[in-house]
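Below: one structure, written as structure tokens.
The values are calculated or read from the model by the stated rules, or taken from the named source; none is laboratory data. From a predicted model like this one, the values you see are computed outputs, not experimental measurements. A quick note on method: Cβ atoms are made from the backbone with ideal geometry, for glycine too, and the neighbour counts reach across all protein chains shown. Only protein heavy atoms, including side chains, enter the accessible area calculation; ligands, DNA and RNA are left aside. Shrake-Rupley method; radii C 1.70, N 1.55, O 1.52, S 1.80 Å.
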Amino acid sequence: MIDLAEHTPSNPILRLGAQPIALTAAALLLLIAGVTSIAIWRAYTGGAPETDRVVASRQLQARTAQASEQLVEKTKGLEATQQESIDQLQVVQDQLLTMKRLLASQQADTKRLSEQVANLNESIDGLRQSFASVRATEADAPSVTRRKPARHQASARKRSKSQG
């Protein structure tokens, strides 16, 4: 007996392979329908994605250039501000050095003056002690000549002038 099942293909892929022209024609029709639908969609929306992408990239480049310019301007502004700050800091440092020098000079003057005051105080103390010792010696030794009161001296002077 001969099997009839061997002659009938049960696999659908084998059946399609038997008609390659029909398969190719169907694929071609699908491809044409897809391209046509894309063309209709582009015509209906009024723009192509490629031109939109080009426009978007140009806008992005313009924004990037503008942002770069702004960054450059801000950087220049920061540099100028930084330089001004440096200049001001140098002026303040110079003023601080000047103040330190003046302070050192004043401290030296103060020290010199305090030494002079101390020397003057020592001299005054020495004079006081010598004056006190001179008074003590005068109090111990009575004076030999006695002074006349001032009114007697005045009348004596008048007499000597009238005689002379």
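Descriptive notes on the structure:
- Residue-wise HN-Hα couplings along region 98-109, as the Karplus relation 6.51 cos²θ - 1.76 cosθ + 1.60 with θ = phi - 60° gives them from phi, are 4, 5, 5, 5, 4, 5, 5, 5, 5, 5, 5, 4 Hz; Gly and Pro carry x.
- Rounded percent of accessible protein surface that carbon and sulfur make up, region 66-145, 1.4 Å probe: 58
- With a Förster radius of 45 Å applied to the beta-carbon distance between ARG42 and LYS76, the computed FRET efficiency rounds to 0.45.
- FRET efficiency, GLN116 to ASP140 (Cβ-Cβ, R0 35 Å, nearest 0.05): 0.45
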